[in-house]
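A short write-up of the structure that comes next.
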Amino acid sequence: MSSTPAPQTPRKRRARGSISAAEILAGAYDLASEESLEALSMPRLAQRLDVGVTSIYWYFRSKDELLDTLAERAMAEFDRRIDIPEDLPWDEYLRRYFRSQRRMFREHELLCDLIVLRSSGTPEANRLSAERIDRVLQLLVTAGFPPDVAMNAYAALSVFTRGSAALARIADDGAAEPELPAGPFEETPRLRVLGQLDRPQLLAMTGDEEFEFGLENTLRGLRAHLQELQAGQPRPRVAAR
């Protein structure tokens, strides 16, 4: 005669007030890292932490507020991970700086999701971002770039780097990589050049080779521009908006 299994005792929740905001943030960060930012919800997080949902809402009034605070934590972690000697030549510093950014966003998907794909714009996140950018701008100004040119140089490389990481992240998330139409390239005149490439299927343009090409040629252009400035040549006029 088979014995009837004893009923399981429900797991007891933690007492109200026994959890802190730091524990909630750590749990949310771990949950989003293990699964995804989309999988993070207040009920899922409460279950993971063995608390009632109201215990989380006591500290964070909404999921958006929780995500904003997570983005601030991600920005602080991002800053800690970028450790580049500031005594390098300006172009080598930029090379390592933006390579590190892209590598970090590719290796740590949650950082990319929180910083690139979901920019919080909170005062604390803005402060951290401004301090990091200003450190780079000081190096460029010391090298001889006027402040506005230094800012434009940083913006160009930052947008390029974050865009490359974001497109790669979206592709990693399940989007099919675009491919060229089947058939001989000779029958499609507009694809004759693509047909000569070794990787004609990589239309997403998010690989290391594409990134390095853009990074190195942007640095090359900045070096030439700095030489022109030092030679006293007039700066190119910016088209009026």
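The values are calculated or read from the model by the stated rules, or taken from the named source; none is laboratory data. Since we're looking at a predicted model, the values are computed, not measured. All Cβ positions, glycine included, derive from the backbone under ideal geometry; neighbour counts span all protein chains shown. We work out accessible area using only protein heavy atoms, side chains counted, and drop any ligands, DNA or RNA first. Shrake-Rupley method; radii C 1.70, N 1.55, O 1.52, S 1.80 Å.
Values as computed for the structure displayed
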{"read-out": "Where Leu94 falls short, out of the listed (1) open to solvent by 60 Å² or more (accessible area, probe 1.4 Å); (2) within 19 Å of the chain's Cα centre (by Cα); (3) under 19 Å from Ala224 (Cβ atoms); (4) of a type outside the set (Ser, Thr, Tyr)", "value": "(1)"}
{"read-out": "Test result for Ala155, surrounded by fewer than 16 Cβ atoms within 10 Å (Cβ to Cβ), aliphatic (A, V, I, L, M), at pLDDT 95 or above and part of a helix (DSSP H, G or I)", "value": "yes"}
{"read-out": "Residue pairs meeting the criteria (Cβ under 8 Å; at least 6 apart or on separate chains; first under 17 Å from Leu140 (Cβ atoms) and of a type outside the set (Asp, Glu), in the range 212-241; second open to solvent by 80 Å² or more (accessible area, probe 1.4 Å) and modelled with pLDDT of 95 or more)", "value": "Leu215/Arg99"}
{"read-out": "Arg99 vs. criteria without any contact (Cβ under 8 Å) to a residue 60 or more places away in the chain and open to solvent by 60 Å² or more (accessible area, probe 1.4 Å)", "value": "no"}
{"read-out": "Residue match in the range 176-187 (condition: in contact with an Asp or Glu (Cβ under 6 Å, 6 or more places away or on another chain), over 20 Å from Glu209 (Cβ atoms), outside any loop (DSSP other than H, G, I, E, B) and at pLDDT below 95)", "value": "no"}
{"read-out": "Residue count, the range 15-54 (criterion: open to solvent by 50 Å² or more (accessible area, probe 1.4 Å), among the small types (Gly, Ala, Ser) and within 18 Å of the chain's Cα centre (by Cα))", "value": "1"}
{"read-out": "Criterion (within 23 Å of Ala168 (Cβ to Cβ), open to solvent by 60 Å² or more (accessible area, probe 1.4 Å) and basic (Lys, Arg)) met by exactly one of Arg135, Arg106, Arg127", "value": "Arg106"}
{"read-out": "Within the range 30-41, tally of residues that are farther than 12 Å from His108 by Cα and hydroxyl-bearing (Ser, Thr, Tyr)", "value": "1"}
{"read-out": "Helices (runs of 4 or more DSSP H) lying entirely in the range 38-105 (those with 1 or more residues that are β-branched (Val, Ile, Thr))", "value": "53-57, 63-81"}
